[in-house]
1. If you line up the Cα atoms of the stretch 137-230 on their principal axes, what length do they span on each, largest first, in Å?
2. With a ≥ b ≥ c the root eigenvalues of the C-alpha gyration tensor of the stretch 255-316, is it rounded (a/c under 1.5), prolate (a/b larger than b/c) or oblate?
3. Ignoring any ligand, DNA or RNA, what whole percent of the accessible area of the stretch 1-77 comes from carbon and sulfur when the probe is 1.4 angstrom?
4. State, as an integer percentage, the relative contact order of the chain based on alpha-carbon contacts under 8 Å between residues 6 or more apart.
5. Name the longest site-free stretch of the chain, where the excluded sites are GluC sites (Glu not before Pro) in a DSSP loop with no more than 12 other beta-carbon atoms within 10 Å.
6. Run through the DSSP bridge list for the stretch 248-343 and note the antiparallel percent, rounded to the nearest 5.
7. Counting only protein heavy atoms and using a 1.4 Å probe, what share of the accessible area of the stretch 242-306 belongs to carbon plus sulfur, as a whole percent?
8. Determine the per residue accessible area of the chain with all protein chains present and a 1.4 angstrom probe, expressed in square angstrom.
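The values are calculated or read from the model by the stated rules, or taken from the named source; none is laboratory data. The structure displayed is predicted, hence computed values, not measured ones. So basically every Cβ, Gly included, is an ideal-geometry build from the backbone, and we count neighbours across all protein chains shown. All accessible areas refer to the heavy atoms of the entire protein, side chains included, with ligands and DNA or RNA removed. Shrake-Rupley method; radii C 1.70, N 1.55, O 1.52, S 1.80 Å.
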Amino acid sequence: MSHLIVHGGTPLRGRISPSANKNAVLPVLCATLLTRAPLRLVGVPDITDVRKILDIFRTLGSRVQWDPADGLLELHHEHTVFDAASHRLPEEMRSSIMLVPPLLARFGIARLEDNVKGCTLGVREIDPHVDVFRRFGATVERAEGTLLVRRAGMLEPTDHWLDYASVTTTENFVLCAAGAPGRSTLTNAASEPHVQEFCRFMAMLGVRIEGIGTSRLTVHGGSELGGGEFRFDEDFHEITTFLALGAITGGDVAVRNSAPENFPLIDRTFAKFGVEVVHEGGWSTTRRAGPLAVQPPFTPNTLTKVEAAPWPYFPVDLLPIFIALGVRAQGNAMFWNKVYDGALGWTGELSKFGAHVFSSDPHRIVTFGGQALTPAVVESPYIIRVAIALFMVAASIPGRSEICHAGPIRRAHPRFVENLRSLGAQVEWKD
């Protein structure tokens, strides 16, 4: 595993052009298997999960031409083949499950490792995906540590209501519906910006989708799909991350942002810690009049809260970033993860810096900010933005700190260290 070494205490300053959102890019890559037409994708980031999927495509016989330096990817799945007896999908990457619908559509069968997983965010069941596959008429069975998903004939259109607004389950429903002739409807669909981006890609292929950006999607499937060129948006997670790095170090970081309409709630959350976000001319910056400080709520005898849940709530993936701000800000704040069980267990590592964090239950913590912090060696779980949150705290403290097992950052943020150095950070990987 890779570790991050940082000599903190330097205000970060400069401009960053963020990469595309991993959670938009990976489902789009999976969806490309649905068409035999050539495709050109612009802005594909050089991250480990992208490399793994492209390796799968090459193994299956697809034509892959990718320049990681400029993010230009050309794909052609005209001669792709799949053998369930020999071809394996990587279990360490949760997005593998979104390869199932296109493999079903092309070859009538898909094989998935029974223990497919991503970041260690508590129990992440695959039952909702199995429900979707079965609703479209597929059979799902276990065999020697793998899941075999088969279809006997064409996938059948269906109406479905999700137990909760799951991003990957919503995307799997759309992928299945694209290959099912007729009209399929999903209620309680996820609506995050990366889900909307994925749906726009599907529409480019020729899938008619109604309700993009809402909790109810109607998909008209069965059409022959085409190709074309698709350009990815900037990742709102990465935009927020670099804005927060500027704020926590007392610096001045501007981040390119072509979709500020996604940021009103994120902006208001920054404001809870005394940070103003300004969007102007395609760039976003943060400003603070003085030290970070938790803004007390109007209602007396209550805590300032950050409640994270599926969009349009505050994004749960960004919660660790704001916990880092809470640790450094004067005052107390409560953070509530309404999605993942046990995803806040890492906050005990913050005590190694001298931070005071109280765990209320598996979903809620309270930060008692403004403590005098010192450099430390801390260990990150396998969660992308937890590693970044620990780095943020370290970057705000003068002296040498080490974030052990920070490798998951590479799954989502290309050139992370290079970008930080361009802002003046003293940071390096230790492999």
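1. Dimensions of the stretch 137-230 along the principal axes of its Cα atoms: 38, 31, 24 Å.
2. oblate
3. The C+S portion of the solvent-accessible surface of the stretch 1-77 is 48 percent.
4. About 21 percent, as a whole number.
5. Excluding the exposed sites themselves, the longest stretch runs over 225-431.
6. Taking every DSSP beta bridge within the stretch 248-343, about 55 percent pair in antiparallel fashion.
7. Reported share for carbon and sulfur atoms: 53 percent.
8. Accessible area per residue, the chain: 39 Å².
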